[in-house]
Amino acid sequence: MLKKYFYCFVIAMVPLIELRGAIPIAQAFHVADPSFNMILAYILIAIGNMIPVPFIFFFARRVLEWGADKKVIGKFFTWCLEKGHKGGEKLKATAGRGLYWALLLFVGIPLPGTGAWTGTLAASFLDMDFKKSVLAVLGGVALAGVIMAVLSFAVASGVTAIG
């Protein structure tokens, strides 16, 4: 059982997948084994999704800038830099004075490329305040968790009703 919780925790840390992929997997574990504690899984998933945030905020941009001109990794690092820059500029243009609320919503709407990784990278590119950014990302992770939990529950309920 611990292996399943650890699996969800680690998946939540993976860029692009994050909590949006970990919650449906946790839901599948719960459907297969009702003793799998979803509340514990959600807490571990949220923690797993938040662990990379400080590292991304303080180091990701530096690493990406360093690797952008390297032969093997340059294209991917340049793509990440452009994605972070575009995300930051789009967020800034849309939000105006409500930048932290916009960051929360950006992270919280579970669409591809809008998770904690991209939101934190955008906050780093915009030189936003670290503490306020982390709180906004945490709020976004909580919002995305609720949305994904409801969607996963609805899908799981529909699948079990059919079967």
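Summary of values
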item: Where Ser124 falls short, out of the listed (1) without any contact (Cβ under 8 Å) to a residue 60 or more places away in the chain; (2) hydroxyl-bearing (Ser, Thr, Tyr); (3) crowded, with 20+ Cβ neighbours inside 10 Å; result: (1)
item: Matching residues in the stretch 107-121 - criterion: being open to solvent by 10 Å² or more (accessible area, probe 1.4 Å), in contact with a Gly (Cβ under 7 Å, 6 or more places away or on another chain) and β-branched (Val, Ile, Thr); result: Thr118
item: Filter pass, Leu121 being at pLDDT 90 or above and assigned to a helix (DSSP H, G or I); result: no
item: Residue in the stretch 148-163 that is outside any helix (DSSP H, G or I) and either on the phi > 0 side of the Ramachandran plot or open to solvent by 20 Å² or more (accessible area, probe 1.4 Å) (or both) present; result: yes
item: Qualifying position, being of a type outside the set (Gly, Ala, Ser), touching a residue at least 12 places away in the same chain (Cβ under 8 Å) and in contact with a helix residue (DSSP H, G or I) (Cβ under 6 Å, 6 or more places away or on another chain), among Val31, Val10; result: Val31
item: All positions within the stretch 51-105 that are free of Cβ contacts under 8 Å to residues at least 40 places away in the same chain, in a helix (DSSP H, G or I), open to solvent by less than 50 Å² (accessible area, probe 1.4 Å) and closer than 17 Å to Gly140 by Cβ; result: Gly87, Gly88, Leu91, Ala95, Leu99, Ala102, Leu103, Leu104
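The values are calculated or read from the model by the stated rules, or taken from the named source; none is laboratory data. Remember, it's a predicted structure, so these values are computed and weren't measured experimentally. Don't worry about glycine lacking a Cβ; one is built from the backbone with ideal geometry, like all the others, and counts go over all protein chains shown. Heavy atoms of the whole protein, side chains included, go into the accessibility calculation; ligands, DNA and RNA do not. Shrake-Rupley method; radii C 1.70, N 1.55, O 1.52, S 1.80 Å.
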